[in-house]
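The values are calculated or read from the model by the stated rules, or taken from the named source; none is laboratory data. Every value quoted in this text rests on a predicted model; they were computed, and no experiment measured them. Every residue, glycine as well, gets a Cβ built from its backbone with ideal geometry; the counts of neighbours run over all protein chains shown. Quick note on the areas: whole protein, heavy atoms, side chains included, nothing else; ligands and nucleic acids left out. Shrake-Rupley method; radii C 1.70, N 1.55, O 1.52, S 1.80 Å.
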Amino acid sequence: MALFNRSTIAWATAVERIADCIGASGDTEMKQRAHNSLRAAFQFLGGRRWDFMRSEFTPIQVVGGFGVTGVSASAAQTSAAAPSNHGFQVDDVIIGPGFMLGTRVTATGANSVGLTTAITGFGAGVQVNSVTGIRDTYAAPTDMRTLYSARLLGSQRSLRYSGRRFVDRTITDEFTVGTPDTYDLFRLGEKGKIRLLPAPGGNDTLQLRYYRRFSLQSATGITSVLEIPEDYEEVPIAWAKWHFLTDKGEGRKDQATSWMSLAQDGLKTMVAEQSNLADEDLTIIPGHIQGWPSVNDTRQGAIYYDYT
């Protein structure tokens, strides 16, 4: 079932309707409380992956390993001079003489880069090096809640999720470039980026599909409409009224209970009406992923039994 009609109720209107359940739609303090309750309602709804919140991110250019000449660095420093248009971005890996394995870029300037680790292996004075940059991390959508799929369009390859524990127990050199087979979300919360494994050795295009977060407005008077299909717009409002009345605490238990009952019925309807077009079939899909980590989806070798 596809729900195309978005709500026409503005956030500010919903806030007033919530406050009006105690006849306080004109009270500034009560409207702020109602606003907080509406935010809480969408945070509560966001705990599930809804079909109507699916989205497709703008294709991302994947950059293979690239060489940069004329990088100047001094021993014990956590920065290096680089030529104009050096091409480095934050979180790129730098590999070269004097750079500790795993060194990443922390900041970029017109003619310089910051480094996570100090330069080693040099004597006194400045050394000039030819280095290799590896870009294995790419920014995820800022409104992403859960990743649905990741694909490389150029090489026609579907990437699978790879748990960090599995990678750490099997890989020997995670900075060796190749054609990515999997993606890693270990530092998504910290960096807002996903990591491709192995690191890309050539240019490609990354396509991400994902479930969006609900947009939570920052003020009571926002006129943007509620980010929910029109069929379900009363569900978060009903839940927010329950939250508002319970938080307000004026002996309105019966009224709050009625709104919660309506919200629960609405949620049951929403769950029941999730996509009627089967998308997650419990079938064996012919495997096509080869290379690292050398498994095929049609074999038990693709199942990671070690969950400890």
Q.
Leaving out ligands and nucleic acids, and using a 1.4 Å probe, what accessible area per residue does the range 99-176 come to in Å²?
A. 50 Å²
**Q.** Most to least accessible of PHE66, PHE42 (protein chains only, probe 1.4 Å)
**A.** PHE66, PHE42
**Q.** Length gained when the stretch THR8-ARG252 is fully extended (0.36 nm per residue, less Cα-Cα span)
**A.** 84.9 nm
Q.
Taking the full set of protein chains and a 1.4 angstrom probe, give the accessible area of ASP51 in square angstrom, rounded to the nearest 10.
A. 40 Å²
(Q) Ignoring ligands, DNA and RNA, please state the percent of accessible area on the range 123-191 from carbon and sulfur, probe 1.4 Å. (A) 49 percent
Q.
Can you tell me which lysines have their Cα less than 29 Å from the Cα of LYS241? Leave out same-chain residues fewer than eight positions away.
A. LYS31, LYS253, LYS268
Q | Cα pair distances in the range 125-264, grouped into 5 Å bins until the bin that holds the longest one, percent each | A | 2, 8, 13, 14, 11, 9, 8, 9, 8, 7, 5, 3, 2, 1, 1, 0
**Q.** Net charge of neighbours whose Cβ lies under 12 Å from the Cβ of ASP204, counting Lys and Arg as +1 and Asp and Glu as -1
**A.** +3
Q.
Under the rule of at least 5 residues apart or a separate chain, name every residue whose amide H is placed under 5 Å from the amide H of ILE9.
A. LEU226
Q: From largest accessible area down, sort VAL128, VAL63; use a 1.4 Å probe on the protein chains.
A: VAL128, VAL63
Q: Quote the FRET efficiency, to the nearest 0.05, computed for LEU101 versus GLN61 with a Förster distance R0 of 30 Å and r equal to the Cβ-Cβ distance.
A: 0.70
Q. Ranked by accessible surface with a 1.4 Å probe, highest first, in what order do PHE214, PHE166 come?
A. PHE166, PHE214
Q. By the scheme Lys and Arg +1, Asp and Glu -1, what is the net charge of all other residues having a beta-carbon under 13 Å from that of GLU16?
A. +2
Q | Probe 1.4 Å - accessible area at VAL225, Å² to nearest ten | A | 70 Å²
Q) For ASP204, what accessible area in Å² do you get when you roll a 1.4 Å probe over the heavy atoms of the protein chains, rounding to the nearest 10? A) 30 Å²
Q.
Under the 0.36 nm per residue contour assumption, what length would be gained going from the current alpha-carbon distance of THR117 and GLN156 to full extension?
A. 10.4 nm
Q. Suppose R0 equals 45 Å; then what is the FRET efficiency for GLU29 and GLU230 from their Cβ-Cβ distance, rounded to the nearest 0.05?
A. 0.90
**Q.** Simple spin-label estimate for ARG165 and VAL128 in nanometres, 7 Å along Cα-Cβ
**A.** 5.0 nm
